[in-house]
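A.B. asks: Quick one: the structure is below, questions incoming.
The values are calculated or read from the model by the stated rules, or taken from the named source; none is laboratory data. Owing to the predicted nature of the structure, the values given are computational and were not obtained by experimental measurement. In this analysis, Cβ positions are derived from the backbone assuming ideal geometry, glycine residues included, and neighbour counts consider all displayed protein chains. Heads up: the accessible areas ignore ligands, DNA and RNA and are worked out on the full protein's heavy atoms, side chains in. Shrake-Rupley method; radii C 1.70, N 1.55, O 1.52, S 1.80 Å.
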Amino acid sequence: MSYGSFPPTPRRLGGTLVIVLAALVPLCFAGWLVWRSVDEPDPDGPTRLTPPGASASAHPGRAGDTDGENGSSGKPGDRDRADAGDGDAAKSGGAGGKKDDEKTGGSSADKPSEDKPLKGKVVVIDPGHNPRNHDHSAEIARLVDIGSTRKGCDTTGTSTDAGYAEATFTLDVAHRVRTLLEARGATVKFTHDGDRPFGPCIDERAEVGNRAKADAALSVHADGAPVGDRGFHVILPAVVRGGGVDTSAISAPSRRLGGDLVSQFTKETGSKPANYLAGGTGLDVRGDLGGLNLSTVPKVFIECGNMRDPRDAAQLTSAAWRQHAAQGMSNGLESFLKR
């Protein structure tokens, strides 16, 4: 048997391979760790791969959405909840604004014209007399010029036998008429609202309508005739010229106003025109009333009934009837103003 040179034994080759592998394994493990650290984001902070200058916000499109300003803690989950809350607030704010507009009805300019048929019209209501005139007899007796003659500043008015005063009645009805007319868009002015010690005088009452350039003026009264005289009537201005007055321009429109009032008042109250004057037409013409003589705008008086008659008095003292009376007056004024 020959004992020449032999190739490396398998044992020596295996040992070399083990050494090589032992050297490579740590290197590979180290490389894997480096790859992991670069590929995964830091769970405690913003993504490491965010380019310089770019926003780290989960909502980069929202300006000013930085920690502290929106009240969040800075954690992604908190920021998302805060953003969702902002969105809900915006939605509820929008809905709330719409509800507020619906409650208030929006501006008057948004209202259809049919809802405000008297928009742009000016009406002056003159509540006859004053509840405190009886405490100022000297002042209301002062004479004032009404063009055709001179008359007392004002009077106390009449009352029912039970003491319900005409001045109290006229203020109550005037308030009701004002509410109805304003709901239709009219601008309503009073000659007084029981807020002065007496008066105003009859010339002042006319001047209120003139200064306002009213489209219509209505003086509210109740009569004090004998028992048995029943019903209402409207007093129209006669044509009066002289003494600084001229009612010729308002005579015709005032008659139209009076006719509309008679028609609507009858319809709403069921009352009939007075049975004691004007031939049952409900339209009386007078030239001795300062409130009419001195007016430069269409104006009439309405005597709603006879306070001295028990049956008329029962109506005049009824709040429900007074509301019907106010409705009739408002409807009559609207009919006239819409011509």
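A.B. asks: Residues that are crowded, with 20+ Cβ neighbours inside 10 Å, in contact with a Lys or Arg (Cβ under 8 Å, 6 or more places away or on another chain), hydrophobic (A, V, I, L, M, F, W, C) and within 27 Å of GLY244 (Cα to Cα): does the range 140-163 have at least one?
C.D. replies: The answer is yes, given that some residue of the range 140-163 is crowded, with 20+ Cβ neighbours inside 10 Å, in contact with a Lys or Arg (Cβ under 8 Å, 6 or more places away or on another chain), hydrophobic (A, V, I, L, M, F, W, C) and within 27 Å of GLY244 (Cα to Cα).
A.B. asks: Is it fair to say LEU180 is assigned to a helix (DSSP H, G or I) and under 20 Å from ASP135 (Cα atoms)? Give the derivation first.
C.D. replies: Numbers: assigned to a helix (DSSP H, G or I): yes; under 20 Å from ASP135 (Cα atoms): no.
Taking the combined requirement at face value, the residue does not satisfy it.
A.B. asks: Right, next: Quick check on the range 117-131. Is at least one of its residues closer than 30 Å to ASP246 by Cβ, of a type in the set (Val, Ile, Thr), over 31 Å from the mean Cα position of the chain (by Cα) and at pLDDT 95 or above?
C.D. replies: Scanning the range 117-131 turns up no residue that is closer than 30 Å to ASP246 by Cβ, of a type in the set (Val, Ile, Thr), over 31 Å from the mean Cα position of the chain (by Cα) and at pLDDT 95 or above.
A.B. asks: I've got another one for you. Mind checking which residues of the range 220-254 are surrounded by 15 or more Cβ atoms within 10 Å (Cβ to Cβ), part of a loop (DSSP other than H, G, I, E, B) and among the aliphatic types (A, V, I, L, M)?
C.D. replies: Residues satisfying the conditions are ALA225, ALA238, VAL240.
Residue by residue, here is whether (1) under 23 Å from VAL122 (Cα atoms); (2) open to solvent by 20 Å² or more (accessible area, probe 1.4 Å); (3) part of a helix (DSSP H, G or I); (4) touching a residue at least 24 places away in the same chain (Cβ under 8 Å) holds:
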{"site": "LEU257", "(1), (2), (3), (4)": "yes, no, yes, yes"}
{"site": "LYS267", "(1), (2), (3), (4)": "no, yes, yes, yes"}
{"site": "ASP288", "(1), (2), (3), (4)": "no, yes, no, yes"}
{"site": "GLU303", "(1), (2), (3), (4)": "yes, yes, no, yes"}
{"site": "ALA313", "(1), (2), (3), (4)": "no, no, yes, yes"}
{"site": "MET329", "(1), (2), (3), (4)": "yes, no, yes, yes"}
